[in-house]
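Report on the following structure.
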Amino acid sequence: NAGVTQTPKFRILKIGQSMTLQCAQDMNHNYMYWYRQDPGMGLKLIYYSVGAGITDKGEVPNGYNVSRSTTEDFPLRLELAAPSQTSVYFCATGTTSGNTEAFFGQGTRLTVV
Amino acid sequence: DQQVKQNSPSLSVQEGRISILNCDYTNSMFDYFLWYKKYPAEGPTFLISISSIKDKNEDGRFTVFLNKSAKHLSLHIVPSQPGDSAVYFCAASAKGGATNKLIFGTGTLLAVQP
């Protein structure tokens, strides 16, 4: 039982490049989330999904896209990477039973140069 | 517009003493509050939570207190141990959208000195 797995762990991108951050879970949770954490800041919600085929914007969605074709996977796509997207990205899952904690992956540290 | 605020970026405590971490919120729709602990290079891990229908929840050395009228919650760690040294995030969610979205504070770095 791996929980929430994020790949890659580290990545350096050049300005204007694109990439996909992968997130996979084996917890059978319907809810999945992408957060970013900037230095000295809390976690900001980028996008979330309440189930396969359903996604919605969080607090800071600009510059990102997501898809949710299966319960297990929730990739985050960066198009035209910018230095402002340098951050640590966390994927998380949650259940539908309301008022429960979210379970986080180990994070992906992304640097855009 | 910071809906969840942790005004102390850092806290240093002696081993064996009490650690008190504070959190304030502005959104009166929040009805569920959580504390997460985060070590460097790891994802946040859930520590303890409290529903708005309660004013206290205890789990071993960790107790969370909620003061709804003041929109304030605190995490008490007694006794503090060196392994408790980490960043602690307060988070909150609101009913209604059924999305369980968590809004996080900026974190407090706790250092427990041996």
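Between A:T70 and B:K54, what FRET efficiency comes out of the Förster formula 1/(1 + (r/R0)^6) with R0 = 25 Å and r the beta carbon distance, rounded to 0.05? So, using R0 = 25 Å, E works out to roughly 0.10. If R0 is taken as 45 Å, the Cβ-Cβ distance between B:I18 and A:N28 corresponds to a FRET efficiency of 0.70.
By the scheme Lys and Arg +1, Asp and Glu -1, what is the net charge of all other residues having a beta-carbon under 13 Å from that of B:F89? Its environment carries a net charge of +2.
Would you work out if chain B is rounded, prolate or oblate? Take a ≥ b ≥ c from the square roots of the eigenvalues of the alpha-carbon gyration tensor; rounded if a/c is under 1.5, else prolate when a/b is larger than b/c, oblate otherwise. The shape class here is prolate. Shape verdict for the protein assembly as shown, please, from the Cα gyration tensor: rounded (a/c under 1.5), prolate (a/b greater than b/c) or oblate. Cα axes put the protein assembly as shown in the prolate bin.
Explain nothing, just the number: relative contact order of the stretch B:33-114, from Cα pairs under 8 Å at least 6 residues apart, as a whole percent.
Across the stretch B:33-114, relative contact order equals 27 percent.
Based on C-alpha pairs under 8 angstrom that are at least 6 apart in sequence, chain A has a relative contact order of 35 percent.
Largest GNM mean-square fluctuation across A:S49, A:S87, A:S18, computed for chain A with C-alpha springs under 10 Å, falls on A:S18. Taking other C-beta atoms within 10 angstrom as a stand-in for reagent exposure, B:D31, B:D59 fall in the order B:D59, B:D31, fewest first. I'd like the distance between the alpha-carbon centres of the stretch A:36-93 and the stretch B:40-114, rounded to an integer number of Å. Rounded to whole Å, the Cα centres lie 23 Å apart. So what's the net charge close to B:K71: Lys and Arg +1, Asp and Glu -1, counting the other residues with Cβ under 10 Å from its Cβ? Net local charge, B:K71 excluded: +1. Net charge near A:R77, counting Lys/Arg +1 and Asp/Glu -1 over other residues with Cβ under 15 Å of its Cβ? Summing Lys/Arg as +1 and Asp/Glu as -1 gives +2. Compare A:A81, A:A92, A:A102 in a GNM of chain A, Cα atoms joined below 10 Å, and give the one with the largest fluctuation. Highest fluctuation among the options: A:A102. Once the Cβ-Cβ distance of A:A2 and A:E59 is raised to the sixth power relative to R0 = 30 Å, the FRET efficiency obtained is 0.60.
Which shape class, rounded, prolate or oblate, goes with chain A when its Cα gyration tensor gives a ≥ b ≥ c as root eigenvalues, a/c under 1.5 marks rounded, and past that a/b bigger than b/c marks prolate?
Prolate is the answer for chain A, as a/c is 1.5 or above and a/b outweighs b/c.
Length available on full extension from A:A82 to A:K9: 0.36 nm per residue minus the Cα-Cα distance, which gives 24.4 nm.
Computed from the coordinates by the stated procedures, all read-outs in this text should not be read as laboratory data. As the structure is a prediction and not an experimental result, all values here were calculated from the model. With ideal geometry, Cβ positions are generated from the backbone for all residues, glycine too; neighbour counts draw on all protein chains shown.
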